[in-house]
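Enquirer: Quick one: this structure, given as C-alpha coordinates, is what I'll be asking you about.
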Amino acid sequence: MNERATLITNEIVEAIRGVLRKNNVTFGEYRAGFMHLVKTQQAGEIPLLTDVFFNSTIVDIENESRKGTRADLQGPYFVPDAPVITDGQIAVEDEHKDKPVMVLRGKVTDLEGNPVAGAEIDIWHSTPDGRYSGIEKHGNMDKKFYRGRVMTSEDGSYEARSITPVPYQIPNKGPTGHLLENIMGGHSWRPAHVHYWVKAPGLRDVINQAYFEGDEWIGNDSCNGGLDEMVIPEVIENGERIMEVDFKLEPAVAKSLQAAE
Ligand code: MBD
Ligand code: FE
(Lines give C-alpha, C1' and ligand atoms only; values in the text may rest on other atoms or scores of the structure.)
(Ligands and ions follow the chains in the order given, each with its own letter.)
Protein backbone atom coordinates (compact mmCIF):
# COMPACT_ATOMS: atom_id res chain seq x y z
CA MET A 1 0.00 0.00 0.00
CA ASN A 2 1.13 3.54 -0.80
CA GLU A 3 1.15 5.28 2.58
CA ARG A 4 0.88 8.79 1.20
CA ALA A 5 -2.06 7.87 -1.02
CA THR A 6 -3.79 6.34 2.01
CA LEU A 7 -3.16 9.41 4.17
CA ILE A 8 -4.06 12.03 1.58
CA THR A 9 -7.16 10.23 0.30
CA ASN A 10 -8.50 9.80 3.82
CA GLU A 11 -7.87 13.47 4.59
CA ILE A 12 -9.61 14.64 1.40
CA VAL A 13 -12.68 12.56 2.22
CA GLU A 14 -12.67 13.85 5.81
CA ALA A 15 -12.35 17.47 4.60
CA ILE A 16 -15.32 17.09 2.24
CA ARG A 17 -17.41 15.45 4.97
CA GLY A 18 -16.58 18.42 7.19
CA VAL A 19 -18.01 20.89 4.63
CA LEU A 20 -21.14 18.77 4.13
CA ARG A 21 -21.76 18.61 7.91
CA LYS A 22 -21.00 22.28 8.53
CA ASN A 23 -23.57 23.35 5.93
CA ASN A 24 -26.25 20.72 6.66
CA VAL A 25 -26.18 19.68 3.01
CA THR A 26 -29.43 18.00 1.93
CA PHE A 27 -29.74 14.81 -0.08
CA GLY A 28 -30.93 16.87 -3.08
CA GLU A 29 -27.90 19.16 -2.90
CA TYR A 30 -25.59 16.18 -2.56
CA ARG A 31 -27.14 14.60 -5.67
CA ALA A 32 -26.83 17.86 -7.62
CA GLY A 33 -23.15 17.95 -6.62
CA PHE A 34 -22.30 14.49 -7.80
CA MET A 35 -24.34 14.90 -10.98
CA HIS A 36 -22.08 17.85 -11.72
CA LEU A 37 -19.10 15.52 -11.50
CA VAL A 38 -20.85 13.08 -13.84
CA LYS A 39 -21.40 15.91 -16.36
CA THR A 40 -17.79 17.01 -16.01
CA GLN A 41 -16.64 13.50 -16.87
CA GLN A 42 -19.07 13.27 -19.81
CA ALA A 43 -17.79 16.58 -21.18
CA GLY A 44 -14.18 15.38 -20.95
CA GLU A 45 -13.43 18.18 -18.50
CA ILE A 46 -11.92 16.30 -15.55
CA PRO A 47 -8.39 17.53 -16.43
CA LEU A 48 -9.70 21.07 -16.94
CA LEU A 49 -11.67 21.13 -13.69
CA THR A 50 -8.81 19.78 -11.59
CA ASP A 51 -6.17 22.04 -13.15
CA VAL A 52 -8.35 25.15 -12.80
CA PHE A 53 -8.72 24.63 -9.06
CA PHE A 54 -5.71 22.65 -7.85
CA ASN A 55 -2.72 22.88 -10.21
CA SER A 56 -1.71 26.23 -8.65
CA THR A 57 -1.48 24.69 -5.17
CA ILE A 58 0.85 21.95 -6.38
CA VAL A 59 2.98 24.58 -8.13
CA ASP A 60 3.24 26.60 -4.89
CA ILE A 61 4.38 23.50 -2.99
CA GLU A 62 6.93 22.64 -5.67
CA ASN A 63 8.34 26.16 -5.76
CA GLU A 64 9.29 25.96 -2.08
CA SER A 65 12.09 23.60 -3.07
CA ARG A 66 13.27 25.40 -6.22
CA LYS A 67 16.42 27.49 -6.46
CA GLY A 68 16.31 28.12 -10.21
CA THR A 69 13.46 29.52 -12.28
CA ARG A 70 10.21 28.94 -10.44
CA ALA A 71 7.42 26.83 -11.91
CA ASP A 72 3.89 27.75 -13.02
CA LEU A 73 0.78 25.88 -14.15
CA GLN A 74 1.03 23.15 -16.74
CA GLY A 75 -2.69 23.31 -17.51
CA PRO A 76 -4.66 20.58 -19.27
CA TYR A 77 -3.41 21.10 -22.84
CA PHE A 78 0.15 19.84 -22.88
CA VAL A 79 0.52 17.18 -25.61
CA PRO A 80 3.62 14.95 -25.75
CA ASP A 81 5.74 14.54 -28.90
CA ALA A 82 5.17 18.01 -30.33
CA PRO A 83 7.05 18.66 -33.59
CA VAL A 84 10.75 19.45 -33.35
CA ILE A 85 11.30 22.97 -34.70
CA THR A 86 14.43 23.30 -36.81
CA ASP A 87 13.62 26.42 -38.88
CA GLY A 88 12.65 28.58 -35.90
CA GLN A 89 9.02 28.80 -37.02
CA ILE A 90 6.11 27.34 -35.06
CA ALA A 91 3.36 26.27 -37.50
CA VAL A 92 0.31 28.53 -37.70
CA GLU A 93 -3.03 27.79 -39.43
CA ASP A 94 -3.64 29.77 -42.66
CA GLU A 95 -6.50 31.73 -41.11
CA HIS A 96 -4.11 33.16 -38.48
CA LYS A 97 -1.04 33.71 -40.67
CA ASP A 98 -1.52 37.50 -40.63
CA LYS A 99 -1.82 37.85 -36.85
CA PRO A 100 0.83 39.82 -34.93
CA VAL A 101 4.11 37.91 -34.67
CA MET A 102 5.88 37.13 -31.41
CA VAL A 103 9.49 36.06 -31.14
CA LEU A 104 10.25 33.69 -28.28
CA ARG A 105 13.88 33.87 -27.37
CA GLY A 106 16.23 33.68 -24.43
CA LYS A 107 18.84 31.60 -22.78
CA VAL A 108 18.99 28.51 -20.59
CA THR A 109 21.70 28.46 -17.93
CA ASP A 110 22.52 26.50 -14.79
CA LEU A 111 22.48 28.11 -11.34
CA GLU A 112 26.02 29.46 -11.87
CA GLY A 113 25.03 31.10 -15.15
CA ASN A 114 26.82 28.63 -17.42
CA PRO A 115 24.97 28.14 -20.72
CA VAL A 116 23.10 24.86 -21.10
CA ALA A 117 23.42 23.57 -24.66
CA GLY A 118 20.98 20.99 -26.01
CA ALA A 119 18.20 21.77 -23.57
CA GLU A 120 14.76 21.00 -24.96
CA ILE A 121 12.13 23.70 -24.65
CA ASP A 122 8.64 22.42 -25.33
CA ILE A 123 6.43 25.40 -26.20
CA TRP A 124 2.67 25.52 -26.61
CA HIS A 125 0.02 28.24 -26.77
CA SER A 126 -3.56 28.76 -27.90
CA THR A 127 -5.01 30.26 -31.07
CA PRO A 128 -6.39 33.80 -30.84
CA ASP A 129 -9.82 32.18 -30.42
CA GLY A 130 -8.74 30.09 -27.46
CA ARG A 131 -8.15 26.62 -28.97
CA TYR A 132 -5.17 24.33 -28.43
CA SER A 133 -4.06 21.87 -31.10
CA GLY A 134 -4.25 18.11 -30.59
CA ILE A 135 -7.23 18.44 -28.25
CA GLU A 136 -10.38 16.56 -29.22
CA LYS A 137 -12.74 19.08 -27.63
CA HIS A 138 -11.01 21.93 -29.47
CA GLY A 139 -11.82 20.45 -32.87
CA ASN A 140 -8.86 18.06 -33.07
CA MET A 141 -6.62 20.53 -34.89
CA ASP A 142 -3.36 18.86 -36.01
CA LYS A 143 -0.88 18.99 -33.15
CA LYS A 144 1.79 20.43 -35.44
CA PHE A 145 0.16 23.85 -34.95
CA TYR A 146 1.02 26.28 -32.12
CA ARG A 147 3.39 23.78 -30.51
CA GLY A 148 6.95 22.74 -30.91
CA ARG A 149 10.19 21.70 -29.29
CA VAL A 150 13.25 23.87 -29.78
CA MET A 151 16.78 23.00 -28.68
CA THR A 152 19.25 25.44 -27.21
CA SER A 153 22.49 26.15 -29.12
CA GLU A 154 26.04 25.97 -27.74
CA ASP A 155 25.59 29.34 -25.99
CA GLY A 156 22.33 28.15 -24.35
CA SER A 157 20.14 30.37 -26.52
CA TYR A 158 16.90 29.49 -28.29
CA GLU A 159 14.53 31.27 -30.66
CA ALA A 160 11.13 30.47 -32.19
CA ARG A 161 8.53 32.61 -33.93
CA SER A 162 4.77 32.25 -33.75
CA ILE A 163 1.69 34.44 -33.61
CA THR A 164 0.82 36.31 -30.43
CA PRO A 165 -1.85 34.83 -28.18
CA VAL A 166 -4.54 37.05 -26.65
CA PRO A 167 -6.34 36.97 -23.28
CA TYR A 168 -7.82 33.57 -23.00
CA GLN A 169 -11.11 32.23 -21.75
CA ILE A 170 -10.94 28.64 -20.60
CA PRO A 171 -13.65 26.54 -22.31
CA ASN A 172 -16.61 28.06 -20.48
CA LYS A 173 -19.67 26.52 -22.12
CA GLY A 174 -19.39 23.30 -20.12
CA PRO A 175 -19.61 22.28 -16.46
CA THR A 176 -16.28 23.88 -15.45
CA GLY A 177 -17.29 27.28 -16.84
CA HIS A 178 -20.69 26.90 -15.18
CA LEU A 179 -19.02 26.35 -11.80
CA LEU A 180 -16.63 29.29 -12.18
CA GLU A 181 -19.09 31.80 -13.59
CA ASN A 182 -22.52 30.89 -12.23
CA ILE A 183 -21.96 28.92 -9.05
CA MET A 184 -18.78 30.47 -7.64
CA GLY A 185 -19.40 34.02 -8.87
CA GLY A 186 -16.07 34.35 -10.61
CA HIS A 187 -14.97 34.40 -14.26
CA SER A 188 -13.19 32.09 -16.65
CA TRP A 189 -10.45 34.37 -18.03
CA ARG A 190 -6.71 33.91 -17.99
CA PRO A 191 -4.10 36.40 -19.12
CA ALA A 192 -2.62 35.65 -22.56
CA HIS A 193 0.17 33.16 -22.02
CA VAL A 194 2.79 30.95 -23.58
CA HIS A 195 3.55 27.56 -22.00
CA TYR A 196 7.08 26.18 -21.61
CA TRP A 197 8.52 22.91 -20.38
CA VAL A 198 12.29 23.07 -20.20
CA LYS A 199 14.32 19.87 -19.90
CA ALA A 200 18.05 19.15 -19.92
CA PRO A 201 20.04 16.08 -18.89
CA GLY A 202 21.13 16.13 -15.25
CA LEU A 203 19.08 19.24 -14.46
CA ARG A 204 15.67 19.65 -12.87
CA ASP A 205 13.03 20.33 -15.49
CA VAL A 206 10.65 23.24 -15.10
CA ILE A 207 7.15 23.89 -16.43
CA ASN A 208 6.35 27.53 -16.80
CA GLN A 209 4.29 30.22 -18.53
CA ALA A 210 5.16 33.68 -19.81
CA TYR A 211 2.66 36.57 -19.74
CA PHE A 212 2.44 39.89 -21.57
CA GLU A 213 3.03 43.17 -19.73
CA GLY A 214 -0.17 45.21 -19.45
CA ASP A 215 -2.57 42.26 -19.85
CA GLU A 216 -5.80 43.09 -18.00
CA TRP A 217 -6.10 39.62 -16.43
CA ILE A 218 -2.67 39.54 -14.79
CA GLY A 219 -3.32 39.24 -11.04
CA ASN A 220 -6.89 38.10 -11.69
CA ASP A 221 -6.35 34.68 -13.26
CA SER A 222 -9.27 32.25 -13.01
CA CYS A 223 -6.68 29.50 -12.49
CA ASN A 224 -4.58 31.36 -9.87
CA GLY A 225 -1.45 31.15 -12.00
CA GLY A 226 1.16 33.76 -12.71
CA LEU A 227 4.65 34.68 -11.51
CA ASP A 228 5.63 38.36 -11.43
CA GLU A 229 9.02 37.57 -12.93
CA MET A 230 7.30 35.89 -15.91
CA VAL A 231 5.37 39.03 -16.92
CA ILE A 232 7.53 39.97 -19.89
CA PRO A 233 8.12 43.69 -20.63
CA GLU A 234 6.71 44.96 -23.91
CA VAL A 235 9.60 45.06 -26.39
CA ILE A 236 8.77 45.51 -30.07
CA GLU A 237 11.40 45.05 -32.79
CA ASN A 238 10.41 45.60 -36.43
CA GLY A 239 6.76 45.34 -35.41
CA GLU A 240 7.29 41.98 -33.69
CA ARG A 241 6.61 41.35 -30.00
CA ILE A 242 9.81 40.09 -28.39
CA MET A 243 9.28 37.61 -25.55
CA GLU A 244 12.71 37.35 -23.97
CA VAL A 245 12.53 34.55 -21.40
CA ASP A 246 15.58 33.08 -19.69
CA PHE A 247 15.51 29.88 -17.66
CA LYS A 248 17.85 28.95 -14.86
CA LEU A 249 17.91 25.22 -14.16
CA GLU A 250 19.06 23.66 -10.89
CA PRO A 251 20.54 20.18 -10.50
CA ALA A 252 18.12 17.29 -10.92
CA VAL A 253 16.34 16.05 -7.81
CA ALA A 254 14.85 12.74 -6.81
CA LYS A 255 12.32 11.45 -9.35
CA SER A 256 9.47 11.90 -6.87
CA LEU A 257 9.92 15.70 -6.94
CA GLN A 258 10.11 16.07 -10.71
CA ALA A 259 7.31 17.31 -12.93
CA ALA A 260 5.57 14.11 -14.00
CA GLU A 261 4.22 13.46 -17.49
C1 MBD B 1 -5.33 26.63 -19.99
O2 MBD B 1 -4.96 26.94 -21.24
C3 MBD B 1 -4.40 26.79 -19.01
O4 MBD B 1 -3.19 27.22 -19.37
C5 MBD B 1 -4.72 26.49 -17.68
C6 MBD B 1 -3.70 26.67 -16.60
C7 MBD B 1 -5.98 26.06 -17.35
C8 MBD B 1 -6.93 25.90 -18.35
C9 MBD B 1 -6.60 26.18 -19.65
FE1 FE C 1 -2.97 27.53 -21.47
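Enquirer: Out of the GluC sites (Glu not before Pro) in region 153-196, which ones are loop residues according to DSSP with at most 13 other C-beta atoms within 10 Å?
Expert: Hits after loop and neighbour filter: GLU154.
Enquirer: Something else: Would you mind classifying region 14-172 by shape? Square roots of the alpha carbon gyration tensor eigenvalues, ordered a ≥ b ≥ c; an a/c under 1.5 is rounded, otherwise it is prolate if a/b is larger than b/c and oblate if not.
Expert: oblate
Enquirer: Only Lys, Arg, Asp and Glu count, each charged at its Cβ (+1, +1, -1, -1), so figure out the dipole size of the chain about its Cα centre, rounded to 20 debye.
Expert: In debye, rounded to 20, the chain gives about 1000.
Enquirer: At what distance in angstrom do the alpha carbon centres of region 184-239 and region 127-141 lie from each other?
Expert: Centre-to-centre (Cα) distance: 19 Å.
Enquirer: Pull up the cross-link candidates among the aspartates and glutamates for LYS97, meaning alpha carbon to alpha carbon under 20 Å and not fewer than 8 places away within one chain.
Expert: ASP87, ASP129, ASP142, GLU159, GLU237, GLU240
Enquirer: Run lengths n ≥ 4 of DSSP H only: what is the helix-derived mean residue ellipticity at 222 nm for the chain, with -39500 (n - 2.57) per run over all residues, to the nearest 500?
Expert: -7000 deg cm²/dmol
Enquirer: Might you report the magnitude of the Cβ-based charge dipole of region 133-261 about its Cα centre, with Lys and Arg at +1 and Asp and Glu at -1, to the nearest 20 debye?
Expert: 740
Enquirer: How much accessible area per residue does the chain have, counting only protein heavy atoms and a probe of 1.4 Å, in square angstrom?
Expert: 54
Enquirer: Return the distance in nm (one decimal) between the two label points of a simple spin-label model at ASN182 and ILE16, each offset 7 Å from Cα along Cα→Cβ.
Expert: Taking the simple label geometry, ASN182 and ILE16 are separated by 2.2 nm.
Enquirer: Residue farthest toward the positive end of the dipole of region 1-48, with Cβ of Lys/Arg at +1 and Asp/Glu at -1: which of ASN24, ASN2, ILE12?
Expert: Positive-most Cα among the choices belongs to ASN24.
Enquirer: Kindly rank 102-111, 234-243 from highest to lowest mean number of other beta carbons found within 10 Å of each residue.
Expert: Highest to lowest by the protection proxy: 102-111, 234-243.
Enquirer: Expressed as a whole percentage, what fraction of the accessible surface of region 108-261 belongs to carbon and sulfur atoms when a 1.4 Å probe is rolled over the protein heavy atoms?
Expert: 49
Enquirer: How far is it, in nm, from the label point at MET141 to the one at ILE8 when both lie 7 Å from their Cα along the line to the Cβ?
Expert: The two pseudo-label positions are separated by 3.3 nm.
Enquirer: Can you tell me the order of 67-78, 219-230 when each peptide is scored by its average per-residue count of other Cβ atoms within 10 angstrom, highest first?
Expert: 67-78, 219-230
Enquirer: Per residue of region 37-49, in order, report the coupling 6.51 cos²θ - 1.76 cosθ + 1.60 (Karplus, θ = phi - 60°) as ³J(HN,Hα) in whole Hz, putting x for Gly and Pro.
Expert: Ordered by residue, 3J(HN,Hα) equals 5, 4, 5, 4, 4, 4, 7, x, 9, 4, x, 5, 4 Hz.
Enquirer: Using θ = phi - 60° and the Karplus form 6.51 cos²θ - 1.76 cosθ + 1.60, what ³J(HN,Hα) does each residue of region 240-245 get, whole Hz, x for Gly and Pro?
Expert: Calculated HN-Hα couplings, in order: 10, 6, 8, 10, 8, 10 Hz.
Enquirer: Measure up LYS99/LYS199; LYS67/LYS143; LYS137/LYS248; LYS39/LYS137 against 26 Å on the Cα-Cα distance and list the ones that go over.
Expert: LYS99/LYS199; LYS67/LYS143; LYS137/LYS248
Enquirer: By the scheme Lys and Arg +1, Asp and Glu -1, what is the net charge of all other residues having a beta-carbon under 12 Å from that of GLN89?
Expert: So the surrounding residues net to +1.
The values are calculated or read from the model by the stated rules, or taken from the named source; none is laboratory data. Please read these numbers as outputs of a predicted model, since none were measured by experiment. Using ideal geometry, Cβ is built from the backbone for each residue, glycine included, and neighbour counts are taken over all protein chains shown. Keep in mind that these areas ignore ligands, DNA and RNA; they rest on the heavy atoms of the full protein, side chains included. Shrake-Rupley method; radii C 1.70, N 1.55, O 1.52, S 1.80 Å.
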